[in-house]
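Asker: Input: one structure, supplied below.
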Amino acid sequence: MKLSEIRSLLQADVLVGEEALDTTEVEKGYASDLMSDVLAFASPAVLLLTGLTHVQIFRTAQMLDIPSIVFVRGKTPGEDLLQLARGAKMPILATCMSMFEASGRLYGAGLAACNIPRR
Amino acid sequence: MASPYLENFVVDENELFSIGEAAAQIKAILKMLGIPSDVIRRASIVAYEAEMNLVIHGGGGRMELEVRPERVKISALDAGPGIPDIEKAMMEGFSTASEKIREMGFGAGMGLPNIKRNSDSLELLSEVGKGTTLRAEILVKQEREG
């Protein structure tokens, strides 16, 4: 799914990477405020939805080859994170929707979920 | 790559918002060396989790990267308090991380199991009061041409 479609589904603001919305695609979504689990369960080419905004969110995404982050619940990251995202050409979106609503809309529109291994 | 590529990184204590700088450098080096992307991703996760452990548990320390054509080796060494029970530390959900780390969304006891899952071999040596050494290897499976 293209980020431009995600932007419209979530009525999101684009904080970084407006020009890359039509060329960046994600295959799956993963929504969590627990980065420990993101590191363990997010697959590549996944869209990260989170309500945490500190700079380690960007670094976690970068390590996992996550192409884009959507900040939910009206949270917006600081300039330090945005600057790193600009440098890495990682589009950053922000929506006022809850994590539940944002995830539901994306899942309903066909964005797949990550497989959580049985442990 | 006739001889192995070696690099060392210093990881400072309590630099919570710098966690990942060494891992990001490791990732950039592996890209530059032309390592396959799935290997880079696994190595990056290992490096990031290991770097986080150095900062939040080890009182800072040192990381080593060793790259050979057939494998990537990542080591994290600290002179911190050590791990009293390694078997317990390897269990998912077991954590001794501080409240501050947990508020950041980390420290849920997933790190060492995640390092193990993303490595082909993992060695964890620790002595209470002396420190901890973690060595993880990720094999590069060469794709055959033709």
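The values are calculated or read from the model by the stated rules, or taken from the named source; none is laboratory data. Remember, predicted model here, so these are calculated numbers, not experimental data. Cβ: placed from backbone, ideal geometry, glycine included. Neighbour counts: every protein chain shown. Remember, those area values only see protein heavy atoms, side chains included, never the ligands or the DNA or RNA. Shrake-Rupley method; radii C 1.70, N 1.55, O 1.52, S 1.80 Å.
Asker: Counting only residues that are more than 11 Å from chain A (Cβ to nearest Cβ) and free of Cβ contacts under 8 Å to residues at least 12 places away in the same chain, how many does the range B:99-123 have?
Answerer: Count: 1.
Asker: Here is a follow-up. B:Lys88: surrounded by fewer than 19 Cβ atoms within 10 Å (Cβ to Cβ), out of contact with any Lys or Arg (no Cβ under 8 Å at 6 or more places or on another chain), charged (D, E, K, R) and within 14 Å of another protein chain (Cβ to nearest Cβ), yes or no? Explain how you work it out, then say what you get.
Answerer: Working: surrounded by fewer than 19 Cβ atoms within 10 Å (Cβ to Cβ): yes; out of contact with any Lys or Arg (no Cβ under 8 Å at 6 or more places or on another chain): yes; charged (D, E, K, R): yes; within 14 Å of another protein chain (Cβ to nearest Cβ): no.
It is false that B:Lys88 is surrounded by fewer than 19 Cβ atoms within 10 Å (Cβ to Cβ), out of contact with any Lys or Arg (no Cβ under 8 Å at 6 or more places or on another chain), charged (D, E, K, R) and within 14 Å of another protein chain (Cβ to nearest Cβ).
Asker: Still on this structure: Might you check whether a residue that is crowded, with 21+ Cβ neighbours inside 10 Å and closer than 25 Å to B:Arg102 by Cβ occurs anywhere in the range A:10-30?
Answerer: Yes, some residue in the range A:10-30 is crowded, with 21+ Cβ neighbours inside 10 Å and closer than 25 Å to B:Arg102 by Cβ.
Asker: Continuing with this model, one more query. Just checking, which of B:Ala47, B:Ala24 is within 12 Å of another protein chain (Cβ to nearest Cβ), of a type in the set (A, V, I, L, M, F, W, C) and over 17 Å from B:Ser119 (Cβ atoms)? Explain how you work it out, then say what you get.
Answerer: On the way: B:Ala47 fails: over 17 Å from B:Ser119 (Cβ atoms).
Answer to the selection: B:Ala24.
Asker: Name every residue in the range B:1-17 that is open to solvent by 30 Å² or more (accessible area, probe 1.4 Å) and within 10 Å of another protein chain (Cβ to nearest Cβ), in order of residue number. Break it down into steps so the answer makes sense when it comes.
Answerer: Taking the range B:1-17 as the starting set, the residues that turn out to be open to solvent by 30 Å² or more (accessible area, probe 1.4 Å) are B:1-8, B:10, B:12-15, B:17.
Residue satisfying the conditions is B:Phe17 alone.
Asker: Same structure again: Mind listing whichever residues of the range B:34-61 are touching a Phe, Trp or Tyr at 6+ places or on another chain (Cβ under 7 Å) and open to solvent by 30 Å² or more (accessible area, probe 1.4 Å)? Spell out the reasoning first.
Answerer: Quick first cut of the range B:34-61, residues touching a Phe, Trp or Tyr at 6+ places or on another chain (Cβ under 7 Å) only: B:52.
Within the range B:34-61, none qualify.
Asker: When you go through (1) crowded, with 17+ Cβ neighbours inside 10 Å; (2) part of a loop (DSSP other than H, G, I, E, B); (3) touching a residue at least 24 places away in the same chain (Cβ under 8 Å) one by one for B:Thr96, which number turns out not to apply?
Answerer: It is condition (1) that B:Thr96 fails.
Asker: Right, something else. Somewhere in the range B:70-77, is a residue outside any strand (DSSP E or B), in contact with a strand residue (DSSP E or B) (Cβ under 8 Å, 6 or more places away or on another chain) and surrounded by fewer than 20 Cβ atoms within 10 Å (Cβ to Cβ)?
Answerer: Kept after step one, since they are outside any strand (DSSP E or B), are these residues of the range B:70-77: B:70.
Next, from what is left, pick out any that are in contact with a strand residue (DSSP E or B) (Cβ under 8 Å, 6 or more places away or on another chain): B:70.
If we keep only those that are surrounded by fewer than 20 Cβ atoms within 10 Å (Cβ to Cβ) as well, we get B:70.
Yes; the residues of the range B:70-77 include at least one that is outside any strand (DSSP E or B), in contact with a strand residue (DSSP E or B) (Cβ under 8 Å, 6 or more places away or on another chain) and surrounded by fewer than 20 Cβ atoms within 10 Å (Cβ to Cβ).
Asker: In the range A:1-92, which helices (runs of 4 or more DSSP H) lie fully inside it and hold 3 or more residues that are within 14 Å of chain B (Cβ to nearest Cβ) and at pLDDT 95 or above? Break it down stepwise before answering.
Answerer: On the way: elements: A:3-10, A:35-41, A:55-63, A:79-88.
The helices (runs of 4 or more DSSP H) meeting that bar are A:35-41, A:55-63, A:79-88.
Asker: State yes or no: is A:Thr60 loosely packed, with under 15 Cβ neighbours inside 10 Å, closer than 24 Å to B:Glu21 by Cα and among the hydroxyl-bearing types (Ser, Thr, Tyr)?
Answerer: no
Asker: Still on this structure, I have one more. For the range A:62-100, how many residues meet the condition of being within 14 Å of the chain's Cα centre (by Cα) and of a type in the set (Asp, Glu)?
Answerer: Within the range A:62-100, residues that are within 14 Å of the chain's Cα centre (by Cα) and of a type in the set (Asp, Glu) number 1.
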